[in-house]
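To start, the structure itself, in structure tokens.
The values are calculated or read from the model by the stated rules, or taken from the named source; none is laboratory data. Everything numeric here is computed off the predicted structure, so don't read it as measured data. Counting neighbours? That spans all protein chains shown, and the Cβs are built from the backbone with ideal geometry, glycine included. Keep in mind that these areas ignore ligands, DNA and RNA; they rest on the heavy atoms of the full protein, side chains included. Shrake-Rupley method; radii C 1.70, N 1.55, O 1.52, S 1.80 Å.
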Amino acid sequence: MDLEQEEALYEFLENTSEPFTLDEITIYVQGSGQKRNRRLSVEIGNYLEVRKIAFKMDSRRWVSRRGCFEQASFVITPSRLELLNGILIPGHRCVPFANPLVMPHRYIFLWKGEAVPSTTTEAAPEELYPYYSIYGEEFAPQYIARDNPENEQAFNADPYEDPPEVSIHTLDMRVIYRESGFVPGDRFVVRVLDWKECRFDLTKAGKDAWNRGDLDKWQEAADDGFEDSFALLGPGASTEEQISFAYWFGGKRMRNVPAYSLEEFLYEKTNRVEVVPYGIESRCWFAGKEIPDSKSIFSYSVPPDRTFIEELFFRKNIPISEYVILSYIRDSFYRNEKEIDFVISRLVPPIILLEEAEWDIIADYISDTMDDFSKSYSLFLDRNAGVVRQRVAELHTAVIEFSAKLQKGDVEKVWLPRHTFIVLSQIQSHAAALLEDLAFDDTPSEAEINAMDNSLDSLVDTYNDIKELINASMDNYRRSNLTLIHGGKQAGQLWRMIQISITSLDVWRRAIISHDASMEELHMMIQVGMNWNGGLRYRFYCETPDGGKEYLHNKIKLGDIDFRAKKELIYEYGAKWNVKIMIMSSYQPAKDESARFIAGEGTAPPEQIDGPRHYKKLINFIESGRTEKQFAQNELGKNFETGFFDLDKLNGKLREELGKNKNL
């Protein structure tokens with residue numbers, strides 16, 4: 001499809017609320033193009049499948065998001081803070097019932113047929129983030145910044161520090177709360193009047209208006225909908241996409257009341273779904289499970305109907321669109337380096353081998369495009385955007401080159417940090433999106449340039465952090481594998497690398513440990529790694545092929561366990577904590593080898609905390625409201641620091657225990 005046809009496709013989906021066939025949408029899209037395309041129907045089908053912008057009803061019919069969600073009903077439960085201040089913050093409350101192209105402060109709500117007036121609310125950003133967190137905590141600042149130009153300017157002033165205060169548009173609910181007698185626990189039933197324009201109708205439902213049985217049926221539909229979304233689509237391109245398909249798979253029952261609000265469901269009710277880290281982003285996922293690592297770089301932004309040049313780059317593991325290529329070419333003009341070789345070497349780092357025929361195809365494409373650019377390019381007009389574009393292109397090239405080195409390297413993937421390729425893919429995808437925005441003659445505004453520059457700073461920092469972690473892991477891998485050569489007095493005895501991670505939390509430790517270590521000694525190592533004090537009962541078990549549990553005696557050694565195909569065991573600590581131990585690569589130890597931690601991430605929760613879900617709430621409190629922050633700090637301890645991990649301190653504490661445990 002050409003650009004006009006893509007625009008027509010989205011126009012059709014935005015304006016249709018009835019089920020449609022591929023023939024019907026193809027006729028509409030074909031009418032917008034200048035040239036005939038015999039494969040257009042196939043391309044549209046692929047586009048809908050890959051981009052997940054419509055729902056497939058059966059082998060012939062599709063339904064748009066507008067058709068799915070318009071006239072449906074959902075629930076918003078105002079918080080005590082909102083009731084106290086007489087406001088309602090739309091935030092993420094209308095996902096997925098609102099057009100994602102419209103910002104929340106543009107939504108229109110009606111009460112008894114009249115538009116609810118808007119007001120503004122001033123607060124510290126951390127007090128507002130919880131109202132935008134379902135988009136992904138990493139995106140909450142962007143939604144608040146885009147509420148108004150003043151917020152955007154405040155966030156852009158220092159990309160590393162939140163502004164002390166921001167102002168957001170909220171609904172003025174003082175009269176409605178007073179006249180309707182709203183009390184904590186009461187809900188709004190929200191009916192979608194116009195999905196495209198984001199118009200909603202509000203009515204009140206008292207906190208005791210619905211019976212528990214009906215709410216339980218809604219929750220069952222929601223649990224099933226989310227799990228079907230994960231199983232069929234994986235983590236997807238965004239949380240918003242996941243939630244949209246969860247409501248689709250959950251059926252009409254999930255899109256009607258009685259119901260819980262999405263916030264209540266995700267953060268309070270469900271035991272089958274939770275929000276988990278996914279590289280530098282977050283996603284909903286099966287409770288107690290991690291999203292599997294990727295094995296290579298990928299991108300959700302790559303066109304499903306790739307052109308021949310995009311397909312060539314895709315086969316080289318460079319997932320970019322033609323617009324990214326145009327941005328690289330524009331960058332070459334800004335650098336005053338118009339030789340084709342320079343452009344190709346930045347697009348395709350030398351570590352990626354190009355066949356002669358492939359090089360010729362890329363060279364011809366770039367040469368033709370450069371000829372077109374030379375007629376209209378203006379260095380003067382490009383002076384502001386050019387600086388940012390050059391930095392983005394350098395980052396993008398670095399990510400592609402580093403990913404290729406990892407793919408070609410001999411390091412075992414289990415030694416790399418968790419979600420290595422997912423993180424690199426996300427950085428590449430964000431950089432590619434910036435390059436696409438900078439590929440055209442229209443120069444972005446100064447505010448947009450500043451926002452891009454700040455976003456780029458964050459991407460560069462993230463890339464440097466993950467690169468440092470990867471290099472450290474590769475060094476550990478190489479040092480450990482040297483023992484295969486020189487052996488030592490323990491030669492012949494295999495050791496193992498293990499990964500210890502708390503289920504449902506982004507807290508993990510990677511360690512080297514002897515095969516002769518017993519479960520009792522492994523217990524001690526976990527206690528040290530998580531800074532626990534042994535105050536709760538513990539036991540180990542392996543899952544059996546039939547889904548059962550095989551509990552292990554404390555004296556059993558690690559090397560004596562038959563892990564079958566799973567290569568993992570579970571450590572139950574008290575009633576609330578489950579720790580997964582993954583058994584990774586083995587090696588022969590060096591002389592006087594001792595157990596040690598080699599990597600890790602995240603602050604482990606104090607053992608007295610009431611499980612992962614409560615721990616996540618406390619962390620959210622610390623990062624949000626003032627009152628809740630003090631409450632959370634008291635429960636976690638005055639010396640608690642979020643995101644803190646000190647490898648040297650951990651190994652120092654471990655060394656104190658080694659004299660008592662000779663097998664470690």
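Summary table
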{"item": "Accessible surface of segment 344-416, 1.4 Å probe, proportion on carbon and sulfur as whole %", "result": "54 percent"}
{"item": "Positive dipole terminus of segment 1-144, leading residue within P125, Q5, Y135 (C-beta point charges)", "result": "Q5"}
{"item": "Within the chain, helix-based [θ] at 222 nm, where runs of 4 or more DSSP H residues each add -39,500 (n - 2.57), nearest 500", "result": "-13500 deg cm²/dmol"}
{"item": "Unit charges on C-beta of K, R, D, E only; dipole of the chain, Debye", "result": "2660 debye"}
{"item": "Positive-end residue, segment 1-148 charge dipole about Cα centroid, Cβ charges, pick of T21, G86, P96", "result": "T21"}
{"item": "Net dipole in debye of segment 255-332 [+1 Lys, Arg Cβ; -1 Asp, Glu Cβ; about Cα centre; nearest 20]", "result": "220 debye"}
{"item": "Over the chain, equivalent-ellipsoid semi-axes from the Cα gyration tensor in Å", "result": "42, 37, 25"}
{"item": "Å² of accessible area per residue within the chain, as computed with a 1.4 Å probe and no ligands counted", "result": "47 Å²"}
{"item": "FRET efficiency estimate (nearest 0.05) - Cβ-Cβ, Y541 to E394, R0 41 angstrom", "result": "0.25"}
{"item": "Antiparallel bridges, percent of DSSP beta bridges restricted to the chain (to nearest 5)", "result": "95 percent"}
{"item": "Accessible area in the full protein assembly, largest first, 1.4 Å probe, for S501, S238", "result": "S238, S501"}
{"item": "Segment 179-337 - percent relative contact order, Cα under 8 Å, separation 6 or more", "result": "15 percent"}
{"item": "Carbon + sulfur, % of accessible area of segment 259-334 - ligands and nucleic acids excluded, 1.4 Å", "result": "53 percent"}
{"item": "Contact order relative to length of the chain, as percent, for alpha carbon pairs under 8 angstrom and 6 or more apart", "result": "11 percent"}
{"item": "Of all accessible heavy-atom area on segment 1-152, the percent that carbon and sulfur account for (1.4 Å)", "result": "49 percent"}
{"item": "Listed residues V273, H396, I502: farthest to the positive end of the dipole of the chain (Cβ charges)", "result": "I502"}
{"item": "Relative contact order of segment 510-640, defined on C-alpha pairs under 8 angstrom at six or more residues apart (%)", "result": "25 percent"}
{"item": "Subset of K56/K252; K207/K269; K405/K653 violating a 25 Å alpha-carbon distance limit", "result": "K405/K653"}
{"item": "Cα→Cβ-extended label distance, 7 Å offset, between F342 and A231, nm", "result": "5.5 nm"}
{"item": "Stretch gain in nm, segment Q633-A124, where the contour uses 0.36 nm per residue and the Cα spacing is subtracted", "result": "181.4 nm"}
{"item": "Helical segments meeting 24 Å axial Cα length and Kyte-Doolittle 1.6 threshold in the chain (DSSP H)", "result": "none"}
{"item": "Protection proxy ranking, peptides 252-258, 327-333, average beta carbon neighbours within 10 Å, highest first", "result": "327-333, 252-258"}
{"item": "Amide H contacts under 5 Å for L110, placed H, 5+ residues apart", "result": "V116, F200, D201, L202"}
